[in-house]
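Here's the structure, in C-alpha cells; my notes come after.
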Amino acid sequence: MAGKVAKSVVKTVGEYQYPWKEKLAKYGNELSKGVWGYWELGAWKDLSMSARHRARLRKEVLLAGQDWPYDPARKEMRTKRKGHKCDRVSAEKRANTAELMKKMPAMLLDYKKRRWEKKLKAEEAKKT
C-alpha cells in the first residue's frame, strides 16, 4: 500500500516538475520554425528556450511514446572514403593489371595474327 502511494506521489511530482505537454503547447510553434533558431526580418533569432531545455523536452516526449517532429532532416551518409588518393589509385591499378593479365594470352595471339597479316600484305605488294 505504501509503495503504491509513494509511486503515485513520485509520478505526480515528476509530472508537476516538468509538464512536457504544457511546454510543448507553449513552444511548439517556435520549435517548428527551426531547431536552433530562425531568421526574422533579416535578423537571426535564437529560440526562447535553451538547447538543454529543448533536449529535456524532447526526451520527455519520446519517453512518453509521442512523436517528435522538430528534429532537422538528416543528411545522407558520406560514401567517399578518407585516405590518400595515391593509395586508392594504386589499388585500382593493381586490380586492372590483374584483369589485363587474364586477357594476355588472347591479346598476344591477336597481336601475332595482325603482324602476320601485315607481313603477308607487304609480301604481296612486293610481288605486284
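Derivation of every value follows stated rules applied to the coordinates shown; laboratory data play no part. Because the structure is a prediction, the values reported are computed rather than measured. Don't worry about glycine lacking a Cβ; one is built from the backbone with ideal geometry, like all the others, and counts go over all protein chains shown.
The calculated P(r) of the chain, using every Cα pair and 10 Å bins from 0, goes 9, 18, 14, 11, 10, 9, 8, 8, 7, 4, 2, 1, 0 in percent. Taking 0.36 nm per residue of sequence separation and removing the Cα-Cα distance, the Leu108/Ala51 pair yields an extension gain of 13.6 nm.
What ranking do 88-98, 57-67 get when scored by the average of other Cβ atoms within 10 Å per residue, highest first? Present the calculation step by step, with values, prior to reporting the outcome.
Numbers: 88-98: 10.0, 57-67: 12.9.
Those peptides, ordered most packed to least, come out 57-67, 88-98.
Using the rule -39500 (n - 2.57) for each DSSP H run of four or more residues, divided by the residues of the chain, the 222 nm mean residue ellipticity is -22500 deg cm²/dmol.
Mean Kyte-Doolittle of at least 1.6 and a Cα length of 30 Å or more along the axis: which whole DSSP H helices of the chain meet both?
Numbers: long enough: 85-127 (57 Å, -1.30).
Span-like helices here: none at all.
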